[in-house]
Ligand code: SF4
Ligand code: SF4
């Protein structure tokens, strides 16, 4: 069995934090940005240095892990403020050719997919700075928690590669669907029962098997998106496709990345397609019952 997982050529987008236009932000958001952006960089640097140490000595076989170990991981994740935890095998089709932020080129057999909620009120200000700043804040907070959980797993004797929420070597939303955390909405974001599209994702690749069986409640998003299309109509950059583009390798393109990223940089993180989604505004339960 091939121990390490490698990309099959999926292209990724370069994210440059220096392109965020924070000099024009005024008031408390400016102070928040000055505090948060260095923390994003710090957590990225920590993830990079841990990865470099990790791949100096590649393990020769996949380690066996009992259910108690996975239970400990879930408990530790919650202690670190991580809201969502799921498990799935790494799918090489979802791995990017380049991880521009973290420089990760290989992953282990299995994945722990992680999610952290973004603040409801901050997201409701989109596309004003507090929403984008909250995205950066969760990149920093989830980045730190992912690093700490990776350290915890390594301290238990298992080999692990922590992947920062900013950038990353693999398509996180697709992996989150594999881990049964939710489904993808028309705007290309993971939609979960708990938070709608209001979370950021990260992942830890782990050299351990078998993965635990965790009961996750299923979510049926597509039927709502077909009728709704609110994000398509409200996107200020007109970047969300009415009909997604399906590719042979199983990936799906839902937004025009060029159009989105330009507006994303200008507004320090946009987030309008999170704010406008009814799964954020009124939540899954209300959506479900309004359908009846
Ligand atoms: S805004 Fe509507 S169409 Fe867009 S993801 Fe949310 S439910 Fe789907
Ligand atoms: S982040 Fe903003 S620009 Fe990008 S797709 Fe969402 S609404 Fe459109």
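General observations
- Packing-based exposure ordering (other Cβ within 10 Å, fewest first) of 92, 54, 60, 68: 60, 68, 92, 54
- Note on the chain: helix-only mean residue ellipticity at 222 nm, from DSSP H runs of 4+ residues weighted -39500 (n - 2.57) and normalised by residue number, equals -12000 deg cm²/dmol.
- Working ranking of peptides 72-81, 190-199 by packing, defined as the average number of other Cβ atoms within 10 Å per residue, highest first, is 190-199, 72-81.
- Extension gain for the segment residue 8 to residue 262, taken as residue separation times 0.36 nm less the Cα-Cα distance, is 88.7 nm to one decimal.
- Protection proxy ranking of 31-43, 114-126 - average other beta-carbon atoms within 10 Å, highest first: 114-126, 31-43
- Among 245-255, 127-137, the order from most to least packed when residues are scored by Cβ within 10 Å on average: 127-137, 245-255
- Three-way shape call for the stretch 131-224 based on the alpha-carbon gyration tensor, with the a/c threshold at 1.5: oblate
- For the chain, the spherically averaged projection of the C-alpha convex hull amounts to 14.9 nm².
- Separation of alpha-carbon centers, the stretch 148-223 and the stretch 47-96, rounded to whole Å: 10 Å
- Between helix 257-266 and the chain: long-axis angle, C-alpha atoms, 0 to 90°, nearest 10: 70 degrees
- Scattering curve values for the stretch 202-275, log₁₀ I(q)/I(0), Debye with Cα scatterers, q = 0.23 Å⁻¹: -1.09
- Global form of the stretch 36-99, assessed from the alpha-carbon gyration tensor, a/c cut-off 1.5: oblate
- The chain - share of DSSP beta bridges that are antiparallel (%, nearest 5): 90 percent
- For the stretch 17-165, taking Cα atoms only, Rg and Dmax work out to 17.0, 54 Å respectively.
- With a simple spin-label model that places each label point 7 Å from the Cα along the Cα-to-Cβ direction, the separation between residue 124 and residue 282 comes to 1.6 nm.
Each value in this text was obtained by applying a stated rule to the coordinates, not by laboratory testing. Computed from a predicted model, the values in this text were never measured in an experiment. When we count neighbours, we look across all protein chains shown, and the Cβ atoms used for this are built from the backbone with ideal geometry, even at glycine.
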